[in-house]
Structure formats: structure tokens, C-alpha cells
1. If you check every pair at least six apart or on different chains, which have Cβ atoms under 6 Å apart with a residue in segment 126-137 that is free of Cβ contacts under 8 Å to residues at least 40 places away in the same chain first and a residue that is not hydrophobic (A, V, I, L, M, F, W, C) second?
2. Those residues that are part of a loop (DSSP other than H, G, I, E, B), without any contact (Cβ under 8 Å) to a residue 24 or more places away in the chain and out of contact with any helix residue (DSSP H, G or I) (no Cβ under 6 Å at 6 or more places or on another chain), I need them from segment 25-40; list them, please.
3. May I ask you to say which residue of Thr83, Thr38 is of a type in the set (Ser, Thr, Tyr) and under 27 Å from Glu141 (Cα atoms)?
4. Give me the residue from segment 95-114 that is of a type in the set (A, V, I, L, M) and buried (at least 20 other Cβ atoms within 10 Å of the Cβ) and, out of that set, modelled with the lowest pLDDT.
5. Name the single residue, out of those in segment 59-98 being in a loop (DSSP other than H, G, I, E, B) and under 14 Å from the mean Cα position of the chain (by Cα), that is nearest to Asp20 (Cα to Cα).
6. Of all the residues that make up segment 127-153, how many are within 21 Å of Pro11 (Cα to Cα), among the acidic types (Asp, Glu) and at pLDDT 90 or above?
7. Out of (1) under 30 Å from Pro135 (Cβ atoms); (2) loosely packed, with under 15 Cβ neighbours inside 10 Å; (3) of a type outside the set (A, V, I, L, M, F, W, C), the odd one out for Arg28 is which?
Amino acid sequence: MSAHTIFEHAPIGAMVAWSDGNPRPPERHRRKLDAWKTNNSQGRLIRKQGRSDIGMLGPHASFTLHEADYGAGGIIAIRVHRTFGLNTRLSFTVVERPAVGSVRVFARAGDDAELVHLAPHRAAAEQWLSEHGYPNAVLEEVSADEAAAHAAKGRATA
């Protein structure tokens, strides 16, 4: 899929993989392997930005994926996000969509809101929120209607 297709049809919270189409180099080629991993990985879709008020895409539309967290002892020291513009040459695949009944926790309301957690159910989302303290957080449950709509769009665009 193209970046544009991911922007239009992938739901927030989906796991998305990206690839440049090149084969993985052998482990002994560390620099080549590190460069390959930059263009071939996956992450959770946490944000879409660039949609205008009239529903059209802005000239700098993009989406952000949460690739990894690094830290120790339950403390995250580095959070890795990757933002892709719609003009990227990489190809994308939706690996997993959020399950029906799971709850998205957004840091704030609005069109450019960022997903900070995906919980399996509302109680888990509320528990996570009480431990992490986002004062303007918004909870949004993944409905069966939304999942069915995304599945239909996915078949039409895949």
C-alpha cells in the first residue's frame, strides 16, 4: 500500500509495517543491516496530521508511527517515533488492526490528537490513565461498525 492509502484507510492504533523492497542483508554486514532496518520495520499508527477543514489533504500531510521505547526499570528514556510524508517511496502494510472493544487513549482531543496507549478494554485504559496522568486525555472505544468499515475499505484498496 502507498502512504496515501495508509493515511486514508488505516485506523489509529493499527500496527503498520514499512519496507523499501530490498532484501535483508546478512547479519555480518552490520552497517548495511542497520541501514536496511531504518527502511524496513513496523510501528503503531499514533497520529495523522495535515487534513484541512474541508476534508482535503494539506500539502504536508503525514502520519506518525510509534516504533519502539527504550529504557529500564519501567522508565522510558527514549521513545522512537517515525513520521512519513505521503510522498515517500516506501511501501506499507497494515499488520494488525485494533481489536473491537479495545480502547484508544489520546493525549488530548482534536483532529491531530496523538494516541498514547491502546488498552484491551475500558477498565484497563482507565487504570493506565490513572498511573500515567494525562489531564486532557480522551478515551475512544473501537466499535464493531468501525472495524467492519475499515475491513471493507481494506479489501477495496489492498
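The values are calculated or read from the model by the stated rules, or taken from the named source; none is laboratory data. Just so you know, these numbers come straight off a predicted model, no measurement behind them. Note that we place each Cβ from the backbone using ideal geometry, even for glycine, and neighbour counts take in every protein chain shown.
1. Going by the 6 Å Cβ cut-off, the qualifying pairs are Trp128/His117; Asn136/Arg108.
2. Within segment 25-40, the first condition is being part of a loop (DSSP other than H, G, I, E, B), and the residues that meet it are 25-29, 39-40.
Keeping just the survivors that are without any contact (Cβ under 8 Å) to a residue 24 or more places away in the chain gives 25-29, 40.
Result: Pro26, Glu27, Arg28, His29, Asn40.
3. Details: Thr38 fails: under 27 Å from Glu141 (Cα atoms).
Exactly one residue qualifies, and that residue is Thr83.
4. Of segment 95-114, the ones of a type in the set (A, V, I, L, M) are 95, 99-100, 103, 105, 107, 109, 113.
Imposing the further condition that a residue be buried (at least 20 other Cβ atoms within 10 Å of the Cβ) reduces the set to 103, 105, 113.
On the way: Val103: 97, Val105: 96, Ala113: 90.
Restricting to residues being of a type in the set (A, V, I, L, M) and buried (at least 20 other Cβ atoms within 10 Å of the Cβ), the top hit is Ala113.
5. Start the filter on segment 59-98 by keeping residues that are in a loop (DSSP other than H, G, I, E, B), which leaves 73-74, 86-90, 97-98.
After this cut, where a residue has to be under 14 Å from the mean Cα position of the chain (by Cα) as well, the list is 97-98.
On the way: Arg97: 22, Pro98: 25 Å.
Among those residues, the one meeting the criterion is Arg97.
6. Total satisfying the criteria: 2.
7. (1)
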